[in-house]
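S.K.: Take a look at this one; I'll ask things after.
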Amino acid sequence: MNIKSLSLGIIGTNCYILEREHQALIIDPSGDAHEIINHINHYDLQPQAILLTHAHFDHIEAVDDVRDYFELNVYIHENERDWLVDPELNGSEWFNLGHIAATKRADGYLNEGPCSIGSFSFHILHTPGHSPGSVSFWFEQESVLIAGDTLFQLGIGRTDLPFGKHDELIHSINTKLLTLPDETTVYPGHGPQTTIGVEKMDNPFLRS
């Protein structure tokens, strides 16, 4: 599996395009839809779906354009079923950014457990705290975790926004993420990749 990371949108949020056997999964189309579309077309990939780690505005800005261009289904955790279409819930109105929202709701919901889409098999981990519907995607065979804004390199997701809960975030990280193998590569929603082992050892927010 190849992973293409694109820093896109208003604040440079990581969008990931996962590629296997000429198929692709698009995770968090965070903005600049033309860059996502151009990458897919350049490599003649067959996109299977759009997955959202959560529905904050900086992770969803290009959802409509990419969904409509490729005629894809969009999936999100049910706890944020209204966030995708509501600028007040997804946070764009908090920062006076105008109405950043999709025109349509998600096509389906991400429930914790194993999942297969096209040639991709992975585990959905519900990791609330940064937001109530935050999820992470663990590709066990490839030792890859797409963590959204739950865990960063030497950092954690912010919890000072509405609906954020610090204790819940730490619990999610400790019980869902730090239990994964140390060699697991973590691809966060912002910034560079890291590993579970490094975060166990060095992340100052996770020290007791």
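S.K.: Asp82 to Ile11: extension gain in nm, 0.36 nm per residue of separation minus the Cα-Cα distance?
M.R.: Result: 23.3 nm gained on full extension.
S.K.: Kindly work out what percent of the DSSP beta bridges joining two residues of the stretch 2-206 are antiparallel, to the nearest 5.
M.R.: Of those bridges, close to 70 percent are antiparallel.
S.K.: Could I ask something else about it? Over the stretch 2-206, how many pairs of lysines fall under 25 Å by alpha carbon, counting only those 8 or more apart in sequence or from different chains?
M.R.: So the count of such lysine pairs works out to 4.
S.K.: Here is a follow-up. Provide the per-residue ³J(HN,Hα) series for the stretch 178-184, in order, calculated from phi with Karplus coefficients 6.51, -1.76, 1.60 and θ = phi - 60°, each as a whole number of Hz, with x at glycine and proline positions.
M.R.: With the stated coefficients, the stretch 178-184 comes to 6, 7, 6, x, 4, 7, 4 Hz.
S.K.: Expressed as a fraction of 2.2 N^0.38 Å, the rule-of-thumb size for a compact globular protein of N residues, what is the C-alpha radius of gyration of the chain?
M.R.: Dividing the Cα radius of gyration by 2.2 N^0.38 Å gives 0.94.
S.K.: Further, regarding this structure: Suppose only helical runs count, i.e. DSSP H with n ≥ 4. What mean residue ellipticity at 222 nm does that imply for the chain under -39500 (n - 2.57) per run, divided by all residues and rounded to the nearest 500 deg cm²/dmol?
M.R.: That calculation yields -4500 deg cm²/dmol at 222 nm.
S.K.: Identify the residues of the stretch 18-33 with backbone N under 16 Å of a label point that sits 7 angstrom from the Cα of Gln153 along the Cα-to-Cβ direction, or state none.
M.R.: Counting only backbone N, you get no residues.
S.K.: Also, I was wondering about something else. Relative contact order for the chain: what is it in percent, counting Cα pairs under 8 Å that are at least 6 residues apart?
M.R.: 14
S.K.: Once you put a point 7 Å from the Cα of His34 and another 7 Å from the Cα of Glu21, both along the Cβ direction, what distance in nm separates them?
M.R.: Result for the modelled spin labels: 3.4 nm.
S.K.: When Rg is the radius of gyration of the Cα atoms in the stretch 1-59 and Rh is its Kirkwood radius, what does Rg/Rh come to?
M.R.: 0.95
S.K.: Right, here's the next one. Over the stretch 91-149, what is the mean sequence separation of C-alpha contacts under 8 Å (at least six apart), divided by residue count, expressed as relative contact order in percent?
M.R.: 18
S.K.: Could you work out how far apart the two model spin labels at Thr103 and Asn73 are, taking each label as a point 7 Å from the Cα in the direction of the beta carbon, and quote it in nm?
M.R.: 2.2
Any read-out appearing in this document is the output of simple, stated calculations on the displayed coordinates, not a laboratory observation. These numbers were taken from a predicted model, which means no experiment stands behind them. Cβ atoms come from the backbone with ideal geometry, glycine included; neighbour counts cover every protein chain shown.
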